[in-house]
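Rule-based calculations on the coordinates, nothing more; no lab input. Quick caveat: nothing in here was measured; it's all calculated off a predicted structure. We place every Cβ from the backbone using ideal geometry, glycine too, and count neighbours over all the protein chains shown.
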Amino acid sequence: MKEHENKVAVITGGAHGIGKCIAEEFRKNGATVCVIDKAKGDHFVGDISEKAVLEAFADSVIAKYGQIDCLINNALPVMKGIDECSYEEFQYALSVGVTAPFYLSKLFAPHFNSGGSIINISSSRDRMSQPQTESYTAAKGGIAALTHALAVSLAGKVRVNSISPGWIDTSYKIYSGADAKQQPAGRVGNPLDIANMVLYLCSDKAGFITGENICIDGGMTRQMIYHGDNGWSYMPGNTDAER
């Protein structure tokens with residue numbers, strides 16, 4: 001029997017990138033997958049920043065299956081910085097990145113099977129930043145905090161965890177040189193690195209894990225960087241040197 005046989009997994013932003021890989025891996029492991037995405041395709045098409053869309057999607061899933069086992073809040077908020085991001089764009093990023101995961105969790109909460117799991121996809125940017133990334137970073141920080149709040153509120157009903165990916169190349173490109181070596185793991189990540197953890201956290205093997213954030217970034221956020229140390233140098237205006 002496959003690990004997620006007969007489970008129902010709901011995935012936002014599941015038509016491309018990390019979300020698509022998560023959906024494919026769930027299917028390989030026997031799950032029925034329900035995807036919502038803005039992109040056209042063979043899934044529920046809609047903008048999750050809209051309350052009515054979230055309600056219609058949740059209603060359609062429950063009407064068809066009656067219950068769910070896993071909710072993966074993966075949809076990507078817009079990344080714009082303080083110089084260019086408008087009030088409306090910032091609000092939109094928070095709607096996609098924080099409000100939608102909260103509301104879907106609320107809508108599906110009564111319909112989780114025993115052993116249910118919510119996985120929120122955050123980012124290593126929930127703890128570190130590049131310039132001009134405020135909308136995305138705020139949304140990812142918000143979903144990381146939402147995770148432990150939901151884990152406490154849903155205790156005994158649904159386990160809730162978050163994953164913070166680092167540099168993940170969704171085209172599976174293999175990097176060499178500085179791009180690979182700057183990461184203690186020696187390579188850039190790919191969507192399977194995230195999907196594998198999602199499936200683990202949604203399994204019985206992770207039954208004692210809830211309210212946790214797991215950073216999957218090849219060790220980048222653990223490596224201290226000082227100018228002149230270990231071959232690192234700071235060269236203002238040279239993006240490649242500022243890693």
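Sketch the reach of a paramagnetic label on Trp232 as a point 7 Å from Cα along Cα-to-Cβ, and name the residues of the stretch 160-175 whose backbone nitrogen lies under 20 Å away. Taking a point 7 Å out along Cα→Cβ of Trp232, the residues of the stretch 160-175 whose backbone N falls under 20 Å are 165-168.
Structure note, pairs Lys157/Lys205; Lys80/Lys181; Lys7/Lys64; Lys64/Lys106; Lys28/Lys106: Cα-Cα distances above 21 angstrom occur for Lys80/Lys181; Lys28/Lys106. If R0 equals 30 Å, the separation of the Cβ atoms of Ala145 and Glu55 corresponds to a calculated FRET efficiency of about 0.80. Stokes-Einstein at 10 °C, 1.306 mPa s, Kirkwood radius from Cα pairs: D for the chain in µm² s⁻¹? Approximately 85 µm²/s, per Stokes-Einstein. Exposure proxy shown here: for Asp47, Asp59, Asp69, Asp204, the number of other Cβ atoms within 10 Å sets the order, fewest to most, as Asp204, Asp59, Asp47, Asp69.
Between amide H atoms placed 1.01 Å from N, distances below 5 Å from Tyr175 occur with Val188, all of them 5 or more places distant or on a separate chain. Once the C-beta distance of Gln67 and Tyr175 is scaled by a Förster radius of 45 Å, the resulting FRET efficiency is 0.60 to the nearest 0.05.
Check each of the GluC sites (Glu not before Pro) in the stretch 70-139 and keep only those in coil by DSSP with at most 15 other C-beta atoms within 10 angstrom; list them in order. Listed in order of number, the matching sites are Glu84.
Which residue fluctuates the most in the chain, going by a Gaussian network model with Cα springs under 10 Å, if the choices are Ala58, Ala138, Ala180? For the chain, modelled as a Gaussian network with Cα springs under 10 Å, the answer is Ala180.
Listed from fewest to most Cβ neighbours within 10 Å, the set Arg125, Arg159 follows the order Arg125, Arg159.
Seen from all sides and averaged, what is the projected area of the convex hull of the Cα atoms in the stretch 109-204, in nm²? Taking a quarter of the hull surface, the average projection is 7.7 nm².
Working note: Debye formula, equal point scatterers on the alpha-carbon atoms of the stretch 1-65, no solvent; log10 I(q)/I(0) at q = 0.26 Å⁻¹ is -1.12.
Straightening the chain between Asp47 and Asn6 buys 12.0 nm, computed as 0.36 nm per residue apart minus the Cα-Cα spacing. Of the residues Lys106, Lys7, Lys205, the one with the fewest other Cβ atoms within 10 Å heads the list, and the complete ranking is Lys205, Lys106, Lys7. When each of the peptides 141-149, 194-202 is scored by the mean number of other C-beta atoms lying within 10 Å of its residues, the order from highest to lowest reads 194-202, 141-149.
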